[in-house]
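To start, the structure under review is shown below, and the notes come after it.
Bear in mind these aren't lab numbers, they're just calculated from the coordinates by the rules spelled out. Everything numeric here is computed off the predicted structure, so don't read it as measured data. Please note: Cβ atoms are built from the backbone with ideal geometry, for glycine as well, and neighbour counts cover all protein chains shown.
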Amino acid sequence: MAIPRTPVVNHTTTVDGFAWYRGRFDGATSEIALYCDQACDVFLNGTLVAALNTPPHVTPGAAKTLPLPASLQGTHNVLAILVENSGEQRHWEATAHPRGLAACALDNGAPISWRSRWGLNGERAVQGFAGHADWTLVPDDGAVHITWHRAAFALTLPDNVEIPLFLRLDQTPSRAYLFLNGQLIGRYWDGRGPQHRFWLPEGIVRRNGENELLVAQWTRGAQPGIGLARLEHGTTMQWRSQL
């Protein structure tokens with residue numbers, strides 16, 4: 001199936017962890033062809049129909065064709081596509097290509113009306129943004145597929161002490177996004193990414209008071225749950241005034 005090589009909406013994945021694309025179409029169709037340069041989950045009228053991984057190249061190539069079950073379709077239908085953000089492009093040539101959902105078409109040629117929105121409800125809530133009533137895409141905004149884990153810790157650090165803090169995360173199934181006090185600080189991918197130790201940045205961590213860690217686990221069929229997780233610290237330095 002030939003599909004357009006331009007973005008389906010005027011949107012690219014942002015610095016936030018996820019982006020939603022919502023497409024409305026009328027009538028029945030048997031399959032959809034799409035290209036997304038990031039891993040994504042595809043929902044039809046609230047039901048997960050596919051979980052796609054990141055392609056090995058950035059430039060849009062061959063689209064993936066997905067069957068759309070007739071039993072899930074009605075007169076008016078909604079496609080919801082949850083797209084992850086895997087960070088900055090690895091080389092400057094890639095910045096010229098669309099990010100996120102780059103192309104999408106139905107086999108019956110019916111037009112799709114697209115909108116986009118960054119972030120999960122959990123991301124928007126911790127960053128102080130209200131949700132939108134018309135963005136009911138899947139039950140609980142995909143809560144079955146995205147599991148949130150919360151931990152809190154308190155610090156009391158003197159002003160003249162510098163101590164780098166880290167979160168060690170290991171043995172957690174599938175993928176996870178790490179938020180410290182409402183800010184995205186890292187991305188964990190079990191079995192793929194080399195990073196298991198994440199710095200808790202100065203300016204985001206509260207040196208005196210309570211801190212909140214949120215882990216959004218994108219289960220993708222894995223059993224929800226955090227494996228090994230603990231706080232670690234680096235070399236402590238104490239500053240002394242020189243008279």
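Below are the figures for this structure:
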item	result
Those trypsin sites (Lys or Arg not before Pro) in the stretch 167-224 that DSSP places in a loop and that have at most 10 other beta carbons within 10 Å	Arg192
In Å, descending, principal axis extents of the Cα set of the stretch 146-238	47, 23, 18
Formal net charge of residues neighbouring Arg207 (Cβ-Cβ distance under 13 Å; K, R +1; D, E -1)	-3
Set of the stretch 153-181 residues, backbone N closer than 19 Å to the point 7 Å along the Cα-Cβ line of Trp199	161-169, 178-181
